[in-house]
Amino acid sequence: ARCRRYHQTEDHIFLHANYSPGLTLDEQPDELLFWTHLHQLPGRHYSGKRVIVGHTPQPSGETLDAGHLLCIDTWCFGSGCLTALDIDSGEVWQAEKGGVLLRSPS
């Protein structure tokens, strides 16, 4: 209950699941922010910021990169891996459930 609904920086918006591109972050419905999968990719947020999300599993283990939106849920809860992203460099780290590093910056 004390967690933020979203976080934003000068260039990025971080939220759990999905968003409506034409609404301010405070206007976003909780259902969309927390539970709605990316069945259809939303357009660029009107702020112009890149949106980083999770919640929609990518069983391939690859992040879903639409340019304006990046989904880093690589199905860790299933048989996938845990993905971490350095937003400044774009570097991605991935580890399997046992902690073995699968992919790291070169």
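Structure data summary
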| read-out | value |
| --- | --- |
| Computed FRET value (nearest 0.05) for His39 with Trp93, which takes r as the C-beta separation and R₀ as 25 Å | 0.35 |
| Computed [θ] at 222 nm, deg cm²/dmol, the chain (DSSP H ≥ 4; -39,500 (n - 2.57); rounded to nearest 500) | -1500 deg cm²/dmol |
| Candidates Gly61, Gly22, Gly90, ranked by Gaussian network fluctuation over the chain, Cα under 10 Å, top entry | Gly90 |
| Heavy-atom accessible surface of region 1-69: percent carbon and sulfur, 1.4 Å | 51 |
| In nm, spacing of pseudo-spin labels at Trp75 and Ser20 (7 Å Cα→C-beta vector) | 3.2 |
| Rounded, prolate or oblate (a/c below 1.5 giving rounded, otherwise prolate when a/b exceeds b/c) for the chain by Cα gyration tensor | prolate |
| Filtered chymotrypsin sites (Phe, Trp or Tyr not before Pro), region 31-64: DSSP coil and at most 11 other beta carbons within 10 Å | Tyr46 |
| Per residue accessible area in Å² of the chain, where ligands, DNA and RNA are left out and the probe is 1.4 Å | 61 |
| Cβ-placed point charges (K, R +1; D, E -1), dipole of the chain about Cα centre in debye, nearest 20 | 140 |
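The values are calculated or read from the model by the stated rules, or taken from the named source; none is laboratory data. Note that the structure is a prediction, hence the values are computed from the model and not measured. Using ideal geometry, Cβ is built from the backbone for each residue, glycine included, and neighbour counts are taken over all protein chains shown. These accessible areas exclude ligands, DNA and RNA; they are computed on the full protein's heavy atoms, side chains included. Shrake-Rupley method; radii C 1.70, N 1.55, O 1.52, S 1.80 Å.
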